[in-house]
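What follows is a set of notes on a single structure, which appears directly below.
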Amino acid sequence: MLHNKSFVKKTKAGKVMKQVREHYLRDDIYCGAPFCTACDTSAARLSPSASTILVVDTNVVLHQIDLLENPAIDNVVVLSIVLEEVKNKNMSVYNRIRAICSNSMRKFFVFSNEYHRDTYIKEMSGETKNDRNDRAIRVAAQWYQKHLGGAVKVLLITNDKENKRKATEEGIHAETVESYVKSLDQTALLDLLVRPSSEDVNMEEVEDLRPSKRKIIYNEHKPMSEITSGLHRGIYHQGKLRVNRFNPFEAYVGSESIGDEIIIYGRSNMNRAFDGDIVAVELLPQDQWQEEKSLAIACEEDEDEDDGVHLAPNSADDAPRTVPQQGSTGEVNTAPSRPSGRVVGIIKRNWHSYCGSLDPMPLPAGSGGVAHALFVSKDRRIPKIRIQTRQLENLLDKRIIVAVDSWDRQSRYPSGHYVRTIGEIGDRDTESEVVLIENDINSRPFSSQVLACLPPLPWSVSPEDLSNPIRQDLRGLCVFSVDPPGCKDIDDALHCTSLPNGNFEVGVHIADVTNFVHPGTPLDEEASQRGTSVYLVERRIDMLPKPLTEDICSLRSDVERLAFSVIWEMTPEADIVSTRFTKSIIKSSAALSYVEAQARMDDSRLMDPITTNLRNMNSLAKKMRLRRIQRGALTLASAEVKFQIDTETHDPLDIGMYQIREANQMVEEFMLAANVSVAEQILKSFPLCSLLRRHPTPTREMLEPLLRTAAAVGLHLDVSSSKALADSLDHAVGDDPYFNKLIRILATRCMTQAVYFSSGDLTPPEYHHYGLAAPLYTHFTSPIRRYADVIVHRLLAASLEISKLPPVFQDRLQLTSISDNLNYRHRNAQMAGRASVELHTLIYFRNRPTDTEARVVKIRSNGFFVFVPKYGIEGPIYLTQKGEKGSGEWYVDEEQQKIKKMDGSISYSILQTVQIHMEVVEPQPNRSKLQLTLI
Amino acid sequence: MEFVSPEGLRLDGRRPMEMRQIRAEIGAVSRADGSAIFEMGNTKVVAAVYGPREVQNRSQQMSDQALIRCEYSMANFSTGDRKRKPKGDRRSTEISLVIRQTMEACIMTNLMPRSQIDIYVQVLQADGGTRSACINAATLALADAGIPMRDLVTSCSAGYLNSTPLLDLNYVEDSAGGPDVTVGILPKLDKVTLLQMDSKLPIDILENVVQLATEGCKAVANYIREILLENTKQLEYRRGV
């Protein structure tokens, strides 16, 4: 069965070396056709009634992956040589083709031709690697034909002309993708095809027949060899291009070689690079470093993209980038210190598919033919994409997904192809779907393998759990939970009893999710991938299947549940005397809402045990909170809004600020304390592999916008430490009650978000959590909805020697990638939540034009941004109409943060209150947006 | 990196439980009292045994048992880059010691007091698993020299990559940095004489990997026994029996 064929390989990192690797050829690799008489058919994947078997070439997999993902294409044999070539060229396509191959619904079979006795071929002398691989594909196709005899037709699909010619010569049926898809007679499939570049020229001509107009728009990308040598010599700089979310004509490249960010202005300097691409940048001469362009709200060039109304940002990550001003921007034109540059080459593309809609356009006269359309992505950082479609009338008012294929120098926009339709524009379900897709959130139902990991329902605490020595029986305690109204996934509960010595025993009980989610199971993998539950306005996308979140793990009232408890002994002054952790069994006596808990505490007539405990806890919490604030924890504010949703139509009925009560703060305080105690415990046991959460100290540059705003209204903020900032925020009291909150909101916005990390990756001083002024912090209290907490539960259990540490924790790289994924998912979940609120705000105002009060938060040269406290939204107000930019009627006083009319009659200054009118307008059909105007 | 494809094939086309092709030849060095060449895939090792003979260094002589000495070296041409390796570096000292201890466990040293046995092993070509190949070659050479042994010692390695236990790692798999367990057994007595591991493994997986390596050792033992029988038949034939 073993055949030994050594072959020779050369080259290795600069040096030429002869490498000898063994290559075993086998006779136990089967063809995958269930009707085959010669092979073992137990692992066969192709359909038993297949009339044609497709063998795909590498270029087909690389470029037509969207087509292959369509269920209409089936009975495909993917050769291992093809997979290998794809893997070397494009990892993301490789992952996609692998996913198709492992999907049991699809009839894709991987044939390891390189290891098969009859299909392995040796490189002939003078043959290039590519030619050899093409030959290998042909040999494999031929083998299939011979092996299966006349039972089926074996068709080689290739877009390589040479390969097709040779195949036909050798007597193999070969076709191009286009002709094969045409033969299937499904027009929708044709849209999925990527045009070969030779047709690009034609397309260009169709659009503009005058040859004079076909000019070269972009500079040529430098060849890779030149880029490498340029990077070596330090004339080029490598980095990831990040496009400004709020101005797609401005991008940043963080470069390690310069140690600063390079700004790139305009599409021509960006030179066809997309957001997320790894690019090589050349610095422009210093006299071309441009002055602040971000001062204008609207954009340059011919595209009239506009800033829509958005939710007020909650942190620096969400907010538009503002470049710190250097010195006074008076008449003296000081040289800007930010280097700007242009892209000379793209090292790695970050192309994937994008969600959006087609630019509205009239239907072409002869409908049914091929139409060219421009696709506008919902993500403003992405340029318009040119696509061809045969179903234009169907797509015009739809949200669609489009993938990018190429971008050549002559076309202003990249070209791509249609992938699939999501639904009608403006439809709530479609738009929610778009929000999910854009944020890469998996909302598919859980697979059967995942559901198989769940314990059988109805579940109840078993006698084994009760007799388990590691599990303490705390059913006798008066435990209760306090959550938002209607909360079904209750993952925390509390108790508080007074001890004979005058101290209190306070316990935080967290749902014992890790008792049901075991490492390495499909359930665990799925949860680890999802990372967090996502809360949209009208629905929730769970991290764990519903039976776990709402029943088995949820600490509902009057049922016995398993928990992981943190129990402190505290003095009446809220000093922690001792801490202990234990797995436990609890029986919650009440599931209260914040409102109920607050009402109980406020009602002085009530003297029942729960109420007394609540009051005790509240007084402890107040002391803990005070102490935390004295340490320098920031009380930040965000403009969270809450919708009242119609239960039947799911339309928003009312919208208002989220109210924070004492009860919320009380629960929050104990959760913080539990997280801190757990963080200390796990770090003590596992100094190198604990999952913690840190909040980086904001740099002075980040706080610059806040300081400028504060200075303009005559307020001095001390930002030297979190304590100083907290104090000066406390003293920032203006003439109106909302002033302090507004300043806090602006401060929150300047900071980045806290992130998860593995303790082995950073040094202990970096573990610091700035916002909470805590040296250590982690997430322990919500394992039902956050995967980070699941990991922390496992760490804590292992540190208490209740269970073994799963092997993942021994692999530092894997741990880092888990925490990166958690950060990514966490951030996406937040973005999705915000996008969903934005969407519902739009729906809410559709039939309700409203006048309201707003505050100016940012001054621009042609208008200003206002923040509407009541609805938590922020948007631009234009003083000059678009198109008459720079008419000189208004000028900006940078020092005082004011925009004034030239004659001095009207001026608007920062934080000023203005009356505005909010209305949903539809400048183009199906493209409604919220518009703000001054009254 | 993907060391095992979803189709269940390793980089060189083997399945996870398969060994490389093994080949052995007895009597490669005619001056020696016993010698053998042992190949596991592209790993090729030559072993030569001298003795039992008079102890060279009188102070080392033992009155109740034989002195076993072992020297391991790698030929300069055994790897791709021809670097001159200083003799007696840490790695070869360690492997020399490992081989000596393993062989000592099966040689009936008490039958040959006041004598010494020298085992020289040299790697002619290295492609992972040299340690195992050296032990297997040494066993054959000892048997060829007619030195009394309790049992044959055979060795094989196994690793754990991509959550799959893999038998007999080659160089590429070995340099992945994953766990690499080398096991040496006395197949007839069913005893383990050598157990080494690089990197770390959870205990329950270790058991599986050790089990796999033991299976490999047994397969090597069967092959070695066949080779020895074949060799004996040849000898008989030459004698004209």
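The values are calculated or read from the model by the stated rules, or taken from the named source; none is laboratory data. Every value quoted in this text rests on a predicted model; they were computed, and no experiment measured them. Virtual Cβ from ideal backbone geometry, glycine too; neighbours counted across all protein chains shown. For accessibility, only protein heavy atoms count, side chains too; no ligands or nucleic acids. Shrake-Rupley method; radii C 1.70, N 1.55, O 1.52, S 1.80 Å.
Only a single criterion out of (1) at pLDDT below 90; (2) open to solvent by 50 Å² or more (accessible area, probe 1.4 Å) is not satisfied by B:SER78, namely (2).
Answer yes or no as to whether B:SER163 is small (Gly, Ala, Ser) and either within 14 Å of another protein chain (Cβ to nearest Cβ) or over 22 Å from B:MET1 (Cα atoms) (or both). In short, yes. If you go through the range A:809-818 and keep only what is buried (at least 18 other Cβ atoms within 10 Å of the Cβ) and within 14 Å of another protein chain (Cβ to nearest Cβ), you end up with just A:PHE809. Checking the stated criteria, B:GLN122 turns out not to satisfy the condition of being over 16 Å from the mean Cα position of the chain (by Cα) and in a strand (DSSP E or B). Check the range A:92-99 and report whether any residue there is within 14 Å of chain B (Cβ to nearest Cβ), in a helix (DSSP H, G or I) and of a type in the set (S, T, N, Q). Scanning the range A:92-99, I find at least one residue that is within 14 Å of chain B (Cβ to nearest Cβ), in a helix (DSSP H, G or I) and of a type in the set (S, T, N, Q), so the answer is yes. Is it true that some residue in the range A:428-443 is without any contact (Cβ under 8 Å) to a residue 60 or more places away in the chain, over 18 Å from A:THR514 (Cα atoms) and assigned to a loop (DSSP other than H, G, I, E, B)? There is no residue in the range A:428-443 that is without any contact (Cβ under 8 Å) to a residue 60 or more places away in the chain, over 18 Å from A:THR514 (Cα atoms) and assigned to a loop (DSSP other than H, G, I, E, B).
Note on the range B:189-204: residues that are out of contact with any strand residue (DSSP E or B) (no Cβ under 6 Å at 6 or more places or on another chain), more than 14 Å from every other protein chain (Cβ to nearest Cβ), at negative phi and open to solvent by 100 Å² or more (accessible area, probe 1.4 Å) amount to 1.
Restricting A:VAL93, A:VAL181 to those that are of a type in the set (A, V, I, L, M, F, W, C) and within 14 Å of A:VAL78 (Cβ to Cβ) reduces the list to A:VAL93. Quickly run through the range B:10-22 and pick out the residues that are open to solvent by less than 20 Å² (accessible area, probe 1.4 Å), modelled with pLDDT of 90 or more and assigned to a loop (DSSP other than H, G, I, E, B). Correct list: B:ARG14, B:ARG20. Checking B:ALA133, B:ALA105 one by one, the residue that is aliphatic (A, V, I, L, M), crowded, with 24+ Cβ neighbours inside 10 Å and out of contact with any helix residue (DSSP H, G or I) (no Cβ under 9 Å at 6 or more places or on another chain) is B:ALA133 and no other. Tell me which residues, restricted to the range A:60-82, are within 14 Å of chain B (Cβ to nearest Cβ) and touching a strand residue (DSSP E or B) at 6+ places or on another chain (Cβ under 6 Å). A:VAL77, A:VAL78, A:LEU79 - these are the residues of the range A:60-82 that are within 14 Å of chain B (Cβ to nearest Cβ) and touching a strand residue (DSSP E or B) at 6+ places or on another chain (Cβ under 6 Å). When B:GLU207, B:GLU236, B:GLU230 are checked against the criterion of being at pLDDT 90 or above, closer than 29 Å to A:PRO519 by Cα, away from chain A (no Cβ under 13 Å) and open to solvent by 70 Å² or more (accessible area, probe 1.4 Å), a single residue qualifies: B:GLU207. Kindly establish whether B:GLY184 is open to solvent by less than 40 Å² (accessible area, probe 1.4 Å), touching a helix residue (DSSP H, G or I) at 6+ places or on another chain (Cβ under 7 Å), assigned to a loop (DSSP other than H, G, I, E, B) and of a type outside the set (Phe, Trp, Tyr). No.
Return the total of residues in the range A:105-117 being surrounded by fewer than 18 Cβ atoms within 10 Å (Cβ to Cβ) and away from chain B (no Cβ under 14 Å). Selection size over the range A:105-117: 1. Please determine whether any residue of the range A:108-127 is within 29 Å of A:ASN70 (Cα to Cα) and free of Cβ contacts under 8 Å to residues at least 24 places away in the same chain. No: zero hits.
Would you check if there is a residue in the range A:146-161 being at pLDDT below 85, open to solvent by 20 Å² or more (accessible area, probe 1.4 Å) and within 14 Å of chain B (Cβ to nearest Cβ)? Checked the range A:146-161: no residue is at pLDDT below 85, open to solvent by 20 Å² or more (accessible area, probe 1.4 Å) and within 14 Å of chain B (Cβ to nearest Cβ). Quick check, is A:SER817 outside the structural domain of A:THR635 (by TED's automatic domain parsing) and polar (S, T, N, Q)? Answer is no for this residue.
Residues that are of a type in the set (Asp, Glu), under 17 Å from A:SER565 (Cα atoms) and at pLDDT 85 or above are absent from the range A:807-820.
Filtering the range B:2-47 to residues that are at positive phi and within 13 Å of another protein chain (Cβ to nearest Cβ) leaves B:GLY8, B:GLY13, B:GLY41. Against the conditions (1) in a strand (DSSP E or B); (2) modelled with pLDDT under 80; (3) open to solvent by 70 Å² or more (accessible area, probe 1.4 Å), A:GLU853 satisfies every one except (2). Per the listing B:GLU39, B:GLU2, B:GLU25, B:GLU7, the residue uniquely acidic (Asp, Glu), surrounded by fewer than 18 Cβ atoms within 10 Å (Cβ to Cβ) and in a strand (DSSP E or B) is B:GLU25.
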